[in-house]
Amino acid sequence: MDVLPARGDAARGGTLVVTVRPDGPAGWDQDTAFARAVLSQDGIAVAELDMDLRVVRANAAYDALRPEGCGEDWLRDLPGPGLRGTVREFMALVAQTGSPVIAAEYPFEGDRVLSLTCIRVDGPLGAPVGIAIAAIEVTERYRAQQRLSTAYRNAFEIGGSLDVVHSARDLVAVLVPALGDLACVDFPDDVLQGRDPPLGYPGAEASAPRRVAVRSADGVWPRELVQVGEPTAVASESPEVSALVVGEVIVVDPALLREILGHDPELIARYLPEGMSGALGCPLYHRGRFFGYATVYRTHSPAPFDEADVTLMRDLCHRAALAIDHAFRFTREHHTAVVLQQSLLPPSATESAAAETSGTYLPAAGSVSVGGDWFDAFPLSSLRVALVVGDVIGHGLRATATMARLRTAVQTLADLDLPPDELLMRLDDLVQRMTAEAEEADALGASCLFALYDPVTRVCQMASAGHPPPAVVLPDGSATYLPVVPGPTLGVGDNPFEVFTTTLPPGSVLALYTDGLVRRGHDTGDGEAGLLASLARLVRDGAPLDRIGPRLIAAHPAHECPDDDVTLLLARTRAVAEESLATWEYPADPAAVHEARADVNARLQAWGLDEPAFATELIVSELVTNALRHAGGPIVLRLIRDRVLVCEVSDPSNTQPRLRRALNTEEGGRGLFLVAQLSTRWGCRYGARGKTIWTEQALPPSLPPLPAL
């Protein structure tokens with residue numbers, strides 16, 4: 001520091017003090033050199049602004065970045081995106097608070113993007129004197145980020161349909177334009193034929209895959225390349241192909257692709273797109289199973305694939321493979337449930353003296369597993385027939401297993417000749433026990449409609465447990481829904497069921513169905529009305545039952561992909577002619593046994609049934625004798641001639657007859673044993689008053705036909 005006297009008139013009596021930094025002017029030179037270096041480079045636009053946000057100085061890159069026709073303050077006036085504010089606002093905030101803004105992205109000139117960094121500049125004494133801005137155009141990086149973000153968002157759409165081919169189409173729709181201009185997916189035969197691929201990766205001996213999905217940026221797949229549905233070549237075991245074995249993405253250029261294809265001109269023409277600059281290949285590989293290949297090509301852009309592209313390709317293919325695996329797991333369960341359910345359902349068509357029946361079952365499709373719908377038609381004693389339709393709540397194997405148990409229970413209870421209301425009450429108790437035994441907390445439940453038709457009296461009795469009402473088309477063509485009062489669904493408990501009784505003339509068509517058949521779109525609302533009209537029209541046209549069912553289901557708006565099982569049971573009623581029926585009543589007199597034998601022999605001779613006469617006489621003798629001995633009178637004997645000969649003996653007693661094996665020393669106890677040996681079926685049912693023991697005997701097929709009703 002030097003102190004010198006001041007000279008001159010203006011500085012009379014003054015003193016001049018001069019100070020110099022100990023290290024000399026080097027520090028100032030370094031700051032100047034740094035500032036000069038920053039301002040002179042042309043890769044980053046740099047500008048210094050004062051506290052009023054006016055440009056003090058800027059480098060050439062800043063001027064070069066300025067849009068045409070804009071002044072020096074062009075950057076300050078740029079609008080900001082959304083809630084980020086304008087550039088002017090964040091500049092003022094930095095100048096006021098000193099908090100820097102780092103790499104804030106702002107659009108300008110249409111789709112261009114700038115990355116702006118702003119810091120406050122303080123003077124030598126610490127007072128703020130302005131701000132400094134560094135701007136870099138990051139348009140390409142921003143577009144790449146947006147492209148990747150869009151691709152990852154679109155990846156969530158892959159596999160939404162649980163269909164393997166749709167999953168392949170979803171994948172190529174994301175690959176183009178996210179990664180390239182052309183994309184394709186190839187599946188092996190196992191995947192296309194619905195078979196779960198075996199564990200491990202196929203080698204060169206594997207069968208040729210087939211192309212299942214393609215995508216082009218311009219919407220047109222090149223004609224010279226492999227088309228959808230055509231088989232694709234199996235590449236040789238090269239190191240590049242071996243990389244695919246472990247699920248790696250490989251980056252392929254035209255030269256490498258020619259090498260993989262063995263420099264075969266035909267293969268090169270089929271697999272090397274015109275103008276290709278590069279390609280990515282990745283297997284669809286998950287849980288040790290190979291589901292196919294995915295390939296994406298770049299033909300319009302010379303830019304090579306980078307690590308971000310490889311990562312995206314790997315992630316998208318992994319997503320697609322996971323979706324395909326889920327689709328296979330769903331398909332396996334769905335197929336197992338369908339096979340199990342169809343194996344548990346009865347024959348689709350039956351013929352009996354009571355009715356001709358035809359059942360149609362369409363399982364749920366799409367992403368919904370098979371449900372627990374079932375139908376059944378089985379014969380009961382005295383030529384009667386039982387018609388059943390039910391719907392278990394829920395879907396999947398559990399619903400199918402529940403359906404099997406309920407169908408078996410219905411057949412067992414029906415064999416006891418229980419009336420429809422009591423049968424449903426017993427079935428309701430079973431469902432409650434099944435719910436109590438179930439490990440899951442969800443309660444089981446089902447709806448059911450049970451109908452019992454007697455071709456002798458032509459009376460049909462039915463009861464409903466929360467099931468849609470049946471429809472009937474009478475022989476005159478009129479159609480209506482029967483007013484069956486539905487009770488609660490099975491599993492609710494402690495509620496009686498109401499029996500509906502009606503008389504159906506021969507030729508009436510009865511339709512029992514599940515709600516999947518009448519569940520229509522919200523814009524129509526004509527489910528039950530449409531079903532009744534279609535059923536009446538088809539019956540009046542004389543269509544056979546086995547064609548009416550499929551036509552009714554085909555008229556369903558969602559029959560191609562139903563969201564619930566569709567079940568339909570049709571029955572055309574028949575009646576036993578008066579000429580094939582004989583009834584007698586006897587008092588409680590031992591002479592009734594002789595009268596019964598005589599009446600039976602006379603009627604069998606009139607029917608031309610000489611061959612079964614001896615066995616029938618013994619059966620009638622034993623049954624009437626037992627009724628006289630244990631029940632008293634009156635005794636009713638009835639013969640029904642159809643495909644079988646039915647013999648019924650009714651008495652007022654409710655005592656249960658029991659078949660037993662008599663000892664050699666016993667004189668009696670062999671009556672029911674003889675009855676069982678002489679008949680093909682026998683049993684006992686109870687009515688409002690007393691019981692009826694019935695037998696069935698097979699008749700020779702050469703007998704003359706019965707009168708048709």
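The values are calculated or read from the model by the stated rules, or taken from the named source; none is laboratory data. Because the structure is predicted, anything quoted here is derived from the model rather than measured. A quick note on method: Cβ atoms are made from the backbone with ideal geometry, for glycine too, and the neighbour counts reach across all protein chains shown.
Numbers at a glance
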quantity	calculated
Qualifying residue in region 690-700 (condition: closer than 24 Å to GLU422 by Cβ, modelled with pLDDT of 80 or more and over 52 Å from the mean Cα position of the chain (by Cα))	yes
Subset of region 229-248 (residues that are buried (at least 16 other Cβ atoms within 10 Å of the Cβ) and modelled with pLDDT of 85 or more)	THR232
Some residue of region 606-619 being without any contact (Cβ under 8 Å) to a residue 24 or more places away in the chain, over 23 Å from LEU674 (Cβ atoms) and in the same structural domain as GLN677 (by TED's automatic domain parsing)	yes
Pairs with Cβ under 8 Å, 6+ apart, first in region 566-590 and free of Cβ contacts under 8 Å to residues at least 12 places away in the same chain, second assigned to a loop (DSSP other than H, G, I, E, B)	none
Members of region 588-612 that are out of contact with any Phe, Trp or Tyr (no Cβ under 8 Å at 6 or more places or on another chain), of a type outside the set (Val, Ile, Thr), modelled with pLDDT of 90 or more and more than 22 Å from PRO455 (Cβ to Cβ)	HIS594, ARG597, ALA598, ASN601, ALA602, GLN605
Breaking point among (1) at pLDDT 70 or above; (2) touching a Lys or Arg at 6+ places or on another chain (Cβ under 8 Å); (3) outside the structural domain of TYR62 (by TED's automatic domain parsing); (4) not β-branched (Val, Ile, Thr), for GLY219	(2)
Residue selected from region 292-337 under the condition small (Gly, Ala, Ser) and more than 16 Å from PRO197 (Cα to Cα), by the criterion modelled with the highest pLDDT	ALA294
Residue within region 252-266 that is surrounded by fewer than 21 Cβ atoms within 10 Å (Cβ to Cβ), touching a residue at least 40 places away in the same chain (Cβ under 8 Å) and not hydroxyl-bearing (Ser, Thr, Tyr) present	no
Number of positions in region 45-86 that are modelled with pLDDT of 80 or more, surrounded by fewer than 17 Cβ atoms within 10 Å (Cβ to Cβ) and of a type in the set (Val, Ile, Thr)	1
Subset of region 154-182 that is crowded, with 20+ Cβ neighbours inside 10 Å and modelled with pLDDT under 70 - its residue that is farthest from ALA308 (Cα to Cα)	GLY159
Filtered residue count, region 394-415, keeping only those that are among the β-branched types (Val, Ile, Thr) and either surrounded by fewer than 19 Cβ atoms within 10 Å (Cβ to Cβ) or within 25 Å of VAL576 (Cα to Cα) (or both)	2
Matching residues in region 402-422 - criterion: being in contact (Cβ under 8 Å) with a residue 60 or more places away in the chain and within 28 Å of the chain's Cα centre (by Cα)	MET403, ALA404, LEU406, ARG407
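For every residue, the table says whether it meets (1) basic (Lys, Arg); (2) more than 18 Å from ARG76 (Cα to Cα); (3) outside the structural domain of ALA60 (by TED's automatic domain parsing); (4) surrounded by fewer than 18 Cβ atoms within 10 Å (Cβ to Cβ).
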| position | (1), (2), (3), (4) |
| --- | --- |
| ALA104 | no, no, no, yes |
| ARG120 | yes, no, no, no |
| PRO124 | no, yes, no, yes |
| GLY130 | no, no, no, no |
